[in-house]
Structures are given as C-alpha cells and as structure tokens.
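Read through the structure below, which is laid out as structure tokens, and then see the notes.
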Amino acid sequence: MTGPDPVSLWHRLADTSVLLDGFHALKHAVRFGARVPVAVAVDRAAALALAEELAPDVRDTLDALLTQVPESVYTSLVPRPHPTAVAALAVRPPRADHLDRLAHAPRTAPVVVLDNPRNLGNAGAVIRLAAGFGATGVVTTGTLDPWHPTVVRGGAGLHFATAVERLTVAELPPGPVFALDPEGDDIRGVKLPDDAVLAFGSERSGLSPELRARADHLVALPMRPQVSSYNLATSVAMTLYHWSLGGS
C-alpha cells in the first residue's frame, strides 16, 4: 500500500476529524458517503472477513482503506479500544449542508430535537434511531457536542446518515413543534406531520422554558401510572414509530 504513513496522517488529522470507533461505525460511515482519509485495524483480514459477512456492499471500499497496525499502535490512537480493534477518522460534513437540509421545505420526515441532553450515550442512541427511521436530522440544544466521540460511538457511525447539529432554540428549523411532556395530549390521538419538529426534554429536568414557549403542541406518551419516565431513546423511538404509522 502506498501513500502517507497512516499513523502520521492520523496524528495530523485527529484534532479536526470525526473518530469512527469500531467496525460498525466505519461501516455505516462509509455506507452513507463519509470521506475517510485513514482507517486502521489490528487484524485487517479479520475486519475484512467481518465485512464480507455483515456488510459485503462496503467490503471492497474497506479493503482499500484499512491498514494493519500493531495493537500497541492502535491503542495509542483511541481513547477506549473497541472489541473489533478497528478505528478510522472521517471528515465532518459541512455545517452549512446540514443547515440547508434541516431548513429545506417541504420536509418528508421530522427533525428530532434533544433539548439540553446530558448523557452522551443517550444522544448517540437517538441519532442511531433517527437514522433508522429516516428522520431529516437530529438537533441538540445546550452544551453537549453531538459529534463527541462517545456520541458517534453510541450512534454507530450513523451521524453520516442524517443531519446532526447543535443549535439554539431560536435557531430551530421551521415546522410545527411537538414537544413531549407528561401534561400534553395523548400522542395516540395526534397526527404528527412530516414537517414536525419533535422536541424531547433533558433526562433530568425535562423541557427548558425556552423550548416550552416555542412549542406549538404538547404531547404525551402512554405510560402506566406510577411509572415516572421512559429512557430518552425509548421516548424518541415510540414517537417516531407513531409518526411512521401516518395516522392518529
């Protein structure tokens, strides 16, 4: 294999690139068009065998990308080694492209908003869900970076399958805002339009005053009495599933 030394290239690009941590993150990123300038594996043959079994559509691309490195080198490049011992760096999509996609009208699928989320793993799980349902994008408000390596790991690289950005409440994309709240109308009687902005409060404190003021509708998920709440990703999954049914 010719070209720049992958370890030197990694160190040069690491601070400005998206870490793809593990085989599945790399597989999904490649599948959805990410530019990957460097990818490494402790056992290249094993990684390609995994691709042959689970993702034959990207096997040849991974064959061209992956460079085998010693385990000591691999562990020096990543903060937390992945069981598949595969890692890569990808170019983050331009923010302007994502903002255009979020604002485009008419939308054919909702935008998911996480209002002041706190848990990196939860945010990653939501992005994975949103990509699976074909949502237009996932927006976070507050301080959490939705492109943090832990979020990308939790999202299995599916950041590249949807538009992921951090915005203020004032910058949310257009569309009717349906905010999840225990005091809202039962979602089973509500039709969620394709251009909906689906807002979910933080794991601890719920919706912020700013998001609540911006909401056009408050809706609630069905829940047994005395059960306090659902996990954030579960709430998003239930809401997107309800939207996907297309009716009230």
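List of remarks:
- In this calculation the C-beta distance from A213 to A96 is compared with R0 = 45 Å, giving a FRET efficiency of 0.95.
- Across S76, S17, the residue with the most accessible area heads the list, and the full order at a 1.4 Å probe is S76, S17.
- Protein accessible area in the range 179-232, 1.4 Å probe - carbon and sulfur %: 47
- Net length gained if the chain between R224 and A49 were fully extended (0.36 nm per residue, minus Cα distance): 58.4 nm
- Order by protection proxy (mean Cβ within 10 Å, highest first), peptides 220-226, 57-63: 57-63, 220-226
- Proximity of backbone amide H atoms, modeled 1.01 Å from N, is registered between H82 and no other residue at under 5 Å, excluding neighbours fewer than 5 places apart on the same chain.
- In Hz, Karplus ³J(HN,Hα) per residue of the range 181-192 (6.51, -1.76, 1.60; θ = phi - 60°; x = Gly, Pro): 8, x, 8, x, 6, 4, 4, 5, x, 10, 8, 9
- For V42, the amide hydrogen comes within under 5 Å of the amide hydrogens of V69, counting only partners 5 or more places away or on other chains and with H modelled in the peptide plane.
- The range 88-150 and the range 39-68 have Cα centres lying 27 Å from one another.
- Per-residue 3J(HN,Hα) values for the range 25-42, derived from phi via the Karplus relation 6.51 cos²θ - 1.76 cosθ + 1.60 with θ = phi - 60°, read 5, 5, 4, 5, 4, 5, 4, 9, x, 5, 8, 10, x, 8, 8, 10, 8, 6 Hz in sequence order (x marks Gly and Pro).
- Between the amide H of D181 and those of V219, A220, L221, distances stay under 5 Å, these residues lying 5 or more places away or on another chain, with hydrogens modeled in the peptide plane.
- With all protein chains modelled, accessible area of R101 [1.4 Å, Å²]: 110
The values are calculated or read from the model by the stated rules, or taken from the named source; none is laboratory data. No experiment lies behind these values; they were computed from the predicted model shown. Don't worry about glycine lacking a Cβ; one is built from the backbone with ideal geometry, like all the others, and counts go over all protein chains shown. All accessible areas refer to the heavy atoms of the entire protein, side chains included, with ligands and DNA or RNA removed. Shrake-Rupley method; radii C 1.70, N 1.55, O 1.52, S 1.80 Å.
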